[in-house]
Amino acid sequence: MKNKANNIFFRKLRQQIFQYQLYLPGDRWLLAVSGGPDSMAMLYGVVKLRETTLIDLKYLHVAHLNHQLRAEESDADAEFVRKQARLLGLPVTISSENVAETSQQTNESVETAARNSRYRFLAETALEHNCNKIVLGHNADDNIETILHRIIRGTGIRGLAGIPSVRALSTYKETAGLPEDKEDAFNKGKDDTIAEPAEKKIFLIRPLLSLRRLEIENFLGKQKIECRLDRSNLCSDYTRNRIRNSLLPLLEKQYNPRITDSLTRLGHIAEQFRENLAEQTEEMRRNLIVSPINENHIIVDGESLANLNEFQQMELVHQVLQVLKVPLRRMGYKQFRSILNIIQRKDQARSTVNLPEGLKVMRQSKNVIFQKGVTEDISVYSGEQYLTPFPGETILDQPWWLINPVETEPVGISSVKTEMMAEGEQFLDKFRQNKHPFEEVIDRDRLRGNLYIRGRRDGDRFQALGSAGEKKLGDFFTDQKIPVYLRNQTGLLCDQEGIIWVMGLRISERVKITSTTKSLLKLTLQ
């Protein structure tokens, strides 16, 4: 092993693993093996490295998905991987999926359907066997081709960074509908995704990313390692194959013999810039978000956002879309430019842009609102939450909104406080003088049963304070000029008889303070 460890393959393999901290004590690795040269080099390289004392990988598991795209050849690939895993004494999971049928069902290209199916399978297998790292066989040439591909079709700093050495993947669902590159979904950085509650993160790692294809082939030949060849890689019907088989050789021969080194350096520089920018912007994003984080919408302080430079604005928008889990496959320069135009508006006038994947970005006064899946029939917040007996404070188990009646602005709330107040004109006069949308005082004796908070329901009716009679809640929202996208997320404080407060807007006529009121209940939202 001493001579092997000194050759270029193992030197670069070790360097990649330790430089990017791909291995940590206690890791359990799932090795994604197709049977091709890259994955076989990865498989044997990791196994042989484990024989040293450099990494103490106690658990390795091989995984292979048969895409059924090349008939008997695909079946032979699967059997080959099974045999290789057994020769190495490793557990193996083989699965099969008719990707051509999946492509028709999902209306995706075969390449996209194959990639999405593969990542679904790998994530599910990793979860099943408690693996925290999925090991992929992408090499330096893959990265170079990716960067060049993105330059050709148009890209920014993120695209120039190429394929990341490591990034977090929280669920296989995130791999659906992504750019048609060989690299995995959302390859925008080391930690693009937000883990779902009680869900263990899985990381995608690439230990061969610093190795050139020729170096990998030399290692396979020297070690006499068998591998399978996918003839579709020789076909020039796909853009990536044309780049690999025609464009790169042309650039090397006629323009720059070291074009691959130049593109690799460009990728490293872009990645360093992107990482520094992401670190700066991460703290800014936390400070600029003015609403509770929600899967459907995020509200950002538009004035502060507009004061950032354009690079920071673009990065912050990327991060917001990642929090919302908006697929980026159809979000190109034109779409991001339209978002920046809204952010940079000087007049702060109301404006809206509708974007792919059900995304809507709105400028409303001082705020910029990112809303996913905005339609007239947006789903109502579910469930009910009862308040603690008064007096007391109830922490809300999901984010709700009140509407600022002055600017019709949404404001997130996280708790409801109830207080029994002393009766008297002096208190009421002072309260009315200093009252704000976060608080109300009602007649305690007019309540029926317990108080609880809920969302809008079909058939809701409401008699607002000062009105002659009931009307549909939707008509009340229309009268108040409340945007449709906020109506179903506005908190309604109710008792057993109906709505007593459309939070931030109006209490019910039924619970108003009168000359006969004997018991006051103050409600405060925080």
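The values are calculated or read from the model by the stated rules, or taken from the named source; none is laboratory data. This one's a predicted model, so the numbers in the text were calculated from it and none came from an experiment. Counting neighbours? That spans all protein chains shown, and the Cβs are built from the backbone with ideal geometry, glycine included.
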Answer from 260, 281 - the residue that is outside the structural domain of residue 342 (by TED's automatic domain parsing), under 24 Å from residue 346 (Cβ atoms) and β-branched (Val, Ile, Thr): 281
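I'd like to check something: does the range 474-488 contain any residue that is aliphatic (A, V, I, L, M), on the phi < 0 side of the Ramachandran plot and modelled with pLDDT of 85 or more?
So far as the range 474-488 goes, no, none of its residues is aliphatic (A, V, I, L, M), on the phi < 0 side of the Ramachandran plot and modelled with pLDDT of 85 or more.
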Check the range 74-93 and report whether any residue there is modelled with pLDDT under 95, closer than 13 Å to residue 207 by Cβ and more than 33 Å from the chain's Cα centre (by Cα). no
Restricting the range 379-398 to residues that are surrounded by 17 or more Cβ atoms within 10 Å (Cβ to Cβ) and of a type in the set (A, V, I, L, M), the residue that is modelled with the highest pLDDT: 387
With the checklist (1) closer than 23 Å to residue 384 by Cα; (2) at pLDDT 85 or above in hand, flag the one item residue 466 doesn't pass. (1)
Can you run down the residue pairs with Cβ atoms below 6 Å, 6 or more apart or on separate chains, where the first is in the range 268-282 and of a type in the set (Lys, Arg) and the partner is in a helix (DSSP H, G or I)? 274/157; 274/158
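Look through the range 489-526, keep the residues that are among the basic types (Lys, Arg) and buried (at least 17 other Cβ atoms within 10 Å of the Cβ), and return whichever of them is modelled with the highest pLDDT.
510
In the range 106-131, which residue that is small (Gly, Ala, Ser) and more than 12 Å from residue 95 (Cα to Cα) is surrounded by the fewest Cβ atoms within 10 Å (Cβ to Cβ)?
109
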Flag for residue 371 being part of a strand (DSSP E or B), of a type outside the set (A, V, I, L, M, F, W, C), in contact with a His (Cβ under 9 Å, 6 or more places away or on another chain) and at pLDDT below 85: yes
So in the range 37-73, with the set limited to residues that are part of a helix (DSSP H, G or I) and of a type in the set (Asp, Glu), which one is surrounded by the most Cβ atoms within 10 Å (Cβ to Cβ)? 38
Looking at (1) modelled with pLDDT under 65; (2) crowded, with 18+ Cβ neighbours inside 10 Å, which is the one condition that is false for residue 227? (1)
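For every residue, the table says whether it meets (1) over 31 Å from the mean Cα position of the chain (by Cα); (2) under 16 Å from residue 81 (Cβ atoms); (3) among the hydrophobic types (A, V, I, L, M, F, W, C).
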position: 20; (1), (2), (3): no, no, no
position: 27; (1), (2), (3): no, no, no
position: 31; (1), (2), (3): no, yes, yes
position: 40; (1), (2), (3): yes, yes, yes
position: 49; (1), (2), (3): yes, no, yes
position: 52; (1), (2), (3): yes, no, no
Only one of 522, 518 is in contact (Cβ under 8 Å) with a residue 40 or more places away in the chain and either of a type in the set (A, V, I, L, M) or in a strand (DSSP E or B) (or both). Can you tell me which? 522
Residues being assigned to a loop (DSSP other than H, G, I, E, B), touching a residue at least 40 places away in the same chain (Cβ under 8 Å) and crowded, with 16+ Cβ neighbours inside 10 Å - total across the range 431-464: 7
In the list 271, 295, 275, which residue meets the criterion of being within 24 Å of residue 370 (Cα to Cα) and modelled with pLDDT of 80 or more? 275
